[in-house]
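Novice: Take a look at the following structure, please.
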Amino acid sequence: MKALLQRVRHASVEVEGHCVGEIGPGLLVFLGLDRGDDRVVGSRMLDKLLAYRLFADAAGRMNSSVSDVAGGVLLLSQFTLSADTRRGLRPSFSSALPPAEAEPLYQWMLVQLRERHPVVAAGQFGADMQVSLVNDGPVTFLLEL
């Protein structure tokens, strides 16, 4: 499982011209689900992304998490994070979790995230999404489990 975290001032996602998710300051999370990922891995990833310290504390150091600053989380599924790009000029998606297995895991993670964090928005699984954001910093981290 991979989660690309971007600290944002605001972010939104549209599907077919309609806004389906929007947050103010917080984290935009692109989630890539790999073969072998399950709820145990998903729970560990949620623990990590909610506690990961990438927001400034009172001294200006990255010592605060999205939970500490009560920021929003916008969760988007992105199977392209699971691509194998080591060889050739075309990505291979053989390591990605098939959609029939990925969607229930993504939906479960979204429910769990909403139970653990007060401000959560989401994209639409499998949709052609247009994402707008203002990256704060820029600060971007790739978490892998």
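Here, each number is a calculation from the coordinates, and none is a lab measurement. Keep in mind that what you see is a predicted model, and the values were worked out from it rather than measured. Cβ coordinates were reconstructed from backbone atoms using ideal geometry, including for glycine residues, and neighbour counts include every protein chain displayed.
Novice: Does region 79-102 contain at least one residue that is in a loop (DSSP other than H, G, I, E, B) and within 17 Å of Leu28 (Cα to Cα)? Steps first, answer last, please.
Specialist: At the first step, the residues of region 79-102 found to be in a loop (DSSP other than H, G, I, E, B) are 83, 85-91, 93-95, 97-98.
Restricting the remaining residues to those that are within 17 Å of Leu28 (Cα to Cα) gives none.
So far as region 79-102 goes, no, none of its residues is in a loop (DSSP other than H, G, I, E, B) and within 17 Å of Leu28 (Cα to Cα).
Novice: Would you point out which residue out of Glu115, Glu144, Glu101 is over 15 Å from Asp34 (Cα atoms) and either touching a Phe, Trp or Tyr at 6+ places or on another chain (Cβ under 8 Å) or not hydrophobic (A, V, I, L, M, F, W, C) (or both)? Talk me through it step by step, then tell me what you get.
Specialist: Working: Glu144 fails: over 15 Å from Asp34 (Cα atoms); Glu101 fails: over 15 Å from Asp34 (Cα atoms).
Unique residue meeting the criteria: Glu115.
Novice: Mind listing whichever residues of region 46-62 are within 20 Å of Arg114 (Cα to Cα) and not aliphatic (A, V, I, L, M)? Step through it out loud before you land on a result.
Specialist: Filtering region 46-62 for residues within 20 Å of Arg114 (Cα to Cα) gives 46-53.
Passing the criteria: Asp47, Lys48, Tyr52, Arg53.
Novice: I need the full set of residues from region 8-56 which are touching a Lys or Arg at 6+ places or on another chain (Cβ under 9 Å), closer than 14 Å to Gln78 by Cβ and of a type outside the set (A, V, I, L, M), in order please.
Specialist: Listed by number, the residues that qualify are Phe30, Gly32, Asp34.
Novice: Let me ask another. Within region 69-95, count every residue that is within 27 Å of Cys19 (Cβ to Cβ) and not β-branched (Val, Ile, Thr). Working first, answer last.
Specialist: Narrowing region 69-95 to residues within 27 Å of Cys19 (Cβ to Cβ): 69-82.
Still in the running and not β-branched (Val, Ile, Thr): 70-72, 74-79, 81-82.
Residues in region 69-95 being within 27 Å of Cys19 (Cβ to Cβ) and not β-branched (Val, Ile, Thr): 11 in total.
Novice: Specify which of the listed residues (Ser43, Ser65, Ser82, Ser77) is under 17 Å from His117 (Cβ atoms), of a type outside the set (A, V, I, L, M, F, W, C), touching a residue at least 12 places away in the same chain (Cβ under 8 Å) and touching a Leu at 6+ places or on another chain (Cβ under 9 Å).
Specialist: Numbers: Ser43 fails: touching a Leu at 6+ places or on another chain (Cβ under 9 Å); Ser82 fails: under 17 Å from His117 (Cβ atoms); Ser77 fails: under 17 Å from His117 (Cβ atoms).
Residue meeting the stated conditions: Ser65.
Novice: Looking only at residues that are among the small types (Gly, Ala, Ser) and either in contact (Cβ under 8 Å) with a residue 24 or more places away in the chain or closer than 13 Å to Ala122 by Cα (or both) in region 1-19, which one is surrounded by the fewest Cβ atoms within 10 Å (Cβ to Cβ)? Don't jump to the end; show me each part of the working.
Specialist: Step one: of region 1-19, the residues among the small types (Gly, Ala, Ser) are 3, 11-12, 17.
Those still in the list that are either in contact (Cβ under 8 Å) with a residue 24 or more places away in the chain or closer than 13 Å to Ala122 by Cα (or both) too: 3, 11-12.
Values: Ala3: 24, Ala11: 25, Ser12: 18.
Step by step, filter region 1-19, then rank; the result is Ser12.
Novice: Give the residue that is farthest from Val139 (Cα to Cα), with candidates limited to residues of region 1-37 that are among the small types (Gly, Ala, Ser) and in contact with a strand residue (DSSP E or B) (Cβ under 7 Å, 6 or more places away or on another chain). Steps first, answer last, please.
Specialist: Restricting attention to region 1-37, the residues satisfying the condition of being among the small types (Gly, Ala, Ser) are 3, 11-12, 17, 21, 24, 26, 32, 36.
With the extra rule that they be in contact with a strand residue (DSSP E or B) (Cβ under 7 Å, 6 or more places away or on another chain), the set shrinks to 3, 11-12, 21, 24, 26, 32.
Details: Ala3: 14, Ala11: 14, Ser12: 17, Gly21: 21, Gly24: 16, Gly26: 11, Gly32: 19 Å.
Going through the qualifying residues, I end up with Gly21.
Novice: Which one is farthest from Gln107 (Cα to Cα) among residues in region 39-81 that are among the hydroxyl-bearing types (Ser, Thr, Tyr) and surrounded by 14 or more Cβ atoms within 10 Å (Cβ to Cβ)?
Specialist: Restricting attention to region 39-81, the residues satisfying the condition of being among the hydroxyl-bearing types (Ser, Thr, Tyr) are 43, 52, 64-65, 67, 77, 80.
Restricting the remaining residues to those that are surrounded by 14 or more Cβ atoms within 10 Å (Cβ to Cβ) gives 43, 52, 64-65, 67, 77.
Working: Ser43: 12, Tyr52: 22, Ser64: 27, Ser65: 23, Ser67: 21, Ser77: 10 Å.
Checking each candidate, the answer is Ser64.
Novice: Could you grab me the full set of residues in region 107-139 that are polar (S, T, N, Q), surrounded by 14 or more Cβ atoms within 10 Å (Cβ to Cβ) and not in a helix (DSSP H, G or I)? Spell out how you get there, then give the answer.
Specialist: The initial filter retains those residues of region 107-139 that are polar (S, T, N, Q), namely 107, 112, 124, 130, 132, 135.
If we keep only those that are surrounded by 14 or more Cβ atoms within 10 Å (Cβ to Cβ) as well, we get 112, 124.
Gln124, the sole residue that qualifies.
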